[in-house]
Amino acid sequence: MVQKLTLNIIYTNIGRGHPHYLDGIVEKLQSSHAGEINLKITDVFAVSAGISRRLWEMVRFFYRVGSQGGLAGSVYGRVRGRQNNVHYGRMKKFLARDVRQYIRSNRYPTLVSHPILVDMIADLVPVFYQHGEIAVPDEAVVGGAKLIFLPVTECKRIFVRKGIPESDLVISGLCIENDLVKIAGESFEQRITRLQSGESLTGGFFSSGAEPKEHIKKILMIVASLHKSGRRGIVFCRENGKLKKALLDRFDISFFGVGDDSRELRKILAKDKIAAAVFTDRRKENILTANYFDCLDYLVAPSHERTNWAVGLGIPMFILHPIIGTFSPLNRAFMLQKAVAVDIENDAKAADFQALLEGLIRSGHLADMAQRGMGKCDVRGFEVISEKLARALS
């Protein structure tokens, strides 16, 4: 019998972005290489205790507070930055203590999606680092990994310019939910038909994991504008989250979960209504998104991981402001350069969203945005990384 290879996978499970990118690789490895590779999956909270765990909890707290923007956001950004940061240096050895102990007991090649973990364990085992974002702020560039997976060539240029050997870098293509990639072509054709025919459109609304209050406020204003004009929308929101509570307080709309009949939500949309899709975790959020993605003609969201949809799946994006953190402004710049997105930079624009949308429809610009975001980038990132990992391990 051939002995299975083993791959450690360590999550931070802070926020949605970094964990989301690992999720897609895990799905592909489990579906394509389950007979060859044993996955040992854990996260920093599961392997840490005492002061180490308390520090990780503090980092998660800083993420939630800092991701609201404003003064807290700028403080969070300074703490998070790695280069020449004395705070980072002092904390790192305590954050790393139990993670390193775990690796010493599990000396297998290890996949991570957060640069801080590369710093912590690259001297102990071969590390594979997935940088899933198009944006490459300074703190994301880290050396010492056996292979670094990057979505587009623009990322590679930055890593090389920062001194990372080109031989360590692999262009994977965009890392987009596997179930969305499967239906991307069909969904795009349906979307283009609606955008060009003058049919009533359906928007998809997403907050980030931290649910910044300014983003929630703008989503509510946009939904109110659509509701008043009879246009359709699906708001994706977390159970017990701030966005769901705000929707309940403001609107009389129907809520649907993973176990509910998707035909009922589609009937509501057919009557030019607003509905909400409610999830409890990332897996259920992805299921709901895939269930209704073919309905969506545009999305309203912060410029985080769903930037990949706008530049890879041909769905126009309206970018929620304020732009928070170090990744978001760079993702935004990439989308604007590709002409696949429009800013919602103030409350007035959110409140009069219906007029903005009508103008983009009449001019044909919304359809142009969709076409510019389809077929220009490889969207098989998770598949490519899965295959590269399997070959590297063997």
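Structure notes:
- Residue 259 vs. criteria on the phi > 0 side of the Ramachandran plot, modelled with pLDDT under 90 and small (Gly, Ala, Ser): no
- Residue match in segment 82-93 (condition: modelled with pLDDT of 90 or more, assigned to a helix (DSSP H, G or I) and either buried (at least 17 other Cβ atoms within 10 Å of the Cβ) or not hydrophobic (A, V, I, L, M, F, W, C) (or both)): no
- Only one entry in 311, 379, 300, 340 is closer than 22 Å to residue 279 by Cβ, among the aliphatic types (A, V, I, L, M) and either in contact (Cβ under 8 Å) with a residue 24 or more places away in the chain or out of contact with any Asp or Glu (no Cβ under 8 Å at 6 or more places or on another chain) (or both), namely 300.
- Selection of segment 305-334 for residues being within 12 Å of the chain's Cα centre (by Cα), modelled with pLDDT of 95 or more and in a loop (DSSP other than H, G, I, E, B) yields only 306.
- Of the strands (runs of 3 or more DSSP E) lying entirely inside segment 213-303, those carrying at least 2 residues that are closer than 30 Å to residue 27 by Cα and within 19 Å of the chain's Cα centre (by Cα) are 232-238, 274-279, 298-301.
- Residue 337, sole failed condition from (1) assigned to a helix (DSSP H, G or I); (2) over 16 Å from the mean Cα position of the chain (by Cα); (3) buried (at least 17 other Cβ atoms within 10 Å of the Cβ): (3)
- Taken together, the criteria place residue 192 among residues that are touching a residue at least 60 places away in the same chain (Cβ under 8 Å) and surrounded by fewer than 19 Cβ atoms within 10 Å (Cβ to Cβ).
- A count restricted to segment 1-12 and to residues that are surrounded by fewer than 18 Cβ atoms within 10 Å (Cβ to Cβ), of a type outside the set (Lys, Arg) and not in a strand (DSSP E or B) stands at 3.
- Residue tally, condition under 21 Å from residue 224 (Cα atoms) and of a type in the set (Phe, Trp, Tyr), over segment 335-394: 1
- Inter-residue pairs, beta-carbon under 7 Å, first closer than 22 Å to residue 59 by Cα and in contact (Cβ under 8 Å) with a residue 24 or more places away in the chain and in segment 114-131, second crowded, with 24+ Cβ neighbours inside 10 Å and among the polar types (S, T, N, Q), 6+ apart: 121/110; 130/113
- If only residues of segment 228-274 that are under 20 Å from residue 357 (Cβ atoms), of a type outside the set (Phe, Trp, Tyr) and touching an Asp or Glu at 6+ places or on another chain (Cβ under 9 Å) are counted, the one that is surrounded by the fewest Cβ atoms within 10 Å (Cβ to Cβ) is 230.
- If you go through segment 130-160 and pick out every residue that is over 18 Å from residue 304 (Cβ atoms) and in contact with a Pro (Cβ under 7 Å, 6 or more places away or on another chain), you end up with 2.
- Scanning segment 340-357 for residues that are assigned to a loop (DSSP other than H, G, I, E, B) and surrounded by 18 or more Cβ atoms within 10 Å (Cβ to Cβ) gives a single hit, 340.
The values are calculated or read from the model by the stated rules, or taken from the named source; none is laboratory data. Values in this document were obtained by computation on a predicted structure and should not be read as measured data. Neighbour counts are summed over all protein chains in view; Cβ atoms, including those assigned to glycine, are modelled from backbone coordinates with ideal geometry.
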